[in-house]
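The values are calculated or read from the model by the stated rules, or taken from the named source; none is laboratory data. Because the structure is a prediction, the values reported are computed rather than measured. Here the Cβ is made from the backbone with ideal geometry for all residues, glycine too, and neighbour counts use every protein chain on show. Keep in mind that these areas ignore ligands, DNA and RNA; they rest on the heavy atoms of the full protein, side chains included. Shrake-Rupley method; radii C 1.70, N 1.55, O 1.52, S 1.80 Å.
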Amino acid sequence: MAEGDGEALFMAVDGGGTGCRARLETADGKVLGGGLAGPAATRIGIDASWAAISTAFGNALAEAGIARDAAGHIRAGIGVAGLSRQGAREALEAKAHPFASVRFASDGEIACLGAHGGRDGAIVIVGTGSCGLARLAGQTIKIGGYGFPISDEGSGAYLGLRVVRAAMMAHDGRIARTALLGEIMGRFGDDPGKAVRWMDRATATDYAAFAPIVVRHADEGDPAARRIMQDAAAAIETIGRALFERGAERLSLIGGLASVIESWLAPDLRRRLSPQLGDSLDGAAILAGRPAAVE
């Protein structure tokens with residue numbers, strides 16, 4: 001008999017826009033197997049999304065030594081980027097699966113569950129994009145995160161947009177040219193025409209690629225970089241304060257730029273931040289029904 005047969009097991013899946021992760025756990029959090037696959041966001045299509053999810057959890061089952069047709073005692077929790085797209089949840093719920101039960105949530109919801117150990121709380125995600133999300137008294141509250149460039153304030157893409165715009169203004173002589181702005185224009189050969197051609201096909205990810213340059217120059221004291229970082233932090237602060245006003249008692253910053261932005265936040269807001277208790281896969285396991293760890 002493979003390890004885990006007959007006991008309560010929980011399959012956690014985090015289906016993101018860049019990749020999909022799965023983890024099979026026991027009720028006390030022991031990891032039996034893990035799996036990876038390609039992007040699973042619903043924007044790539046429901047069939048492609050489910051194929052990635054299925055590959056990831058299939059790999060986790062295989063590593064645990066459990067056949068798919070022997071997974072009927074396993075409960076699954078699956079977070080998927082873009083689950084709010086019209087018809088996405090219903091289409092995924094209609095997919096055949098080998099588990100005792102499957103519960104779906106957005107990738108933000110499982111991140112929030114994990115960050116607060118299954119209890120009420122809020123998160124601000126700061127990565128390529130940005131978004132605020134809270135789970136309060138059984139309700140989910142979302143603030144921002146409507147997509148770049150009309151939203152995602154304070155994110156990596158926001159930093160990139162702001163610095164390219166400032167570099168173009170410096171090239172015109174409308175603002176002072178700093179080392180940061182000179183480096184950015186240098187990426188376009190000091191040719192605004194090349195910047196415009198790049199803009200025509202640039203994605204949020206392309207803009208976010210400039211974020212580390214902004215951060216580096218801000219650390220070195222570049223005034224343009226510092227202004228951009230201050231503006232980004234102020235935007236994240238508005239999301240955090242709005243979540244507190246809606247009743248959140250715990251707030252965590254998560255995402256690739258979280259630690260960077262945190263250092264630029266107002267001291268009173270920094271003091272109110274709570275550390276993450278777990279990650280998105282912890283949240284997916286809790287969604288599946290795994291008991292939350294006691295803090």
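As an exercise: evaluate Ser155 against (1) under 19 Å from Thr18 (Cβ atoms); (2) at pLDDT below 95 and give the number of the one condition it does not meet. Result: Ser155 passes all but (2).
Quick grid of which residues meet (1) touching a residue at least 60 places away in the same chain (Cβ under 8 Å); (2) open to solvent by 60 Å² or more (accessible area, probe 1.4 Å):
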{"residue": "Phe10", "(1), (2)": "yes, no"}
{"residue": "Gly33", "(1), (2)": "no, no"}
{"residue": "Thr42", "(1), (2)": "no, no"}
{"residue": "Asp69", "(1), (2)": "no, yes"}
{"residue": "Leu83", "(1), (2)": "no, no"}
{"residue": "Ala91", "(1), (2)": "no, no"}
{"residue": "His97", "(1), (2)": "no, yes"}
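Let me confirm something: among Gly79, Gly17, Gly132, Gly29, which residue is at pLDDT below 95, among the small types (Gly, Ala, Ser), within 13 Å of the chain's Cα centre (by Cα) and open to solvent by less than 40 Å² (accessible area, probe 1.4 Å)?
Working: Gly79 fails: at pLDDT below 95; Gly132 fails: at pLDDT below 95; Gly29 fails: within 13 Å of the chain's Cα centre (by Cα).
Testing whether each residue is at pLDDT below 95, among the small types (Gly, Ala, Ser), within 13 Å of the chain's Cα centre (by Cα) and open to solvent by less than 40 Å² (accessible area, probe 1.4 Å) leaves just Gly17.
Within the stretch 155-171, residues that are open to solvent by 10 Å² or more (accessible area, probe 1.4 Å) sit with their Cβ atoms under 7 Å from residues that are of a type in the set (Val, Ile, Thr) and not in a helix (DSSP H, G or I), at 6+ positions apart or across chains, in these pairs: Ala166/Ile175; Met169/Ile175.
At least 2 residues being more than 14 Å from Asp282 (Cα to Cα) is the threshold, and among the helices (runs of 4 or more DSSP H) wholly inside the stretch 1-120 those reaching it are 46-64, 88-93. Being touching a Gly at 6+ places or on another chain (Cβ under 6 Å) and either at pLDDT 95 or above or open to solvent by less than 20 Å² (accessible area, probe 1.4 Å) (or both): is that true of Ile175 here? So Ile175 does not fit the description; no. The numbered conditions (1) open to solvent by less than 30 Å² (accessible area, probe 1.4 Å); (2) closer than 21 Å to Arg43 by Cβ are all true for Gly182 except (2).
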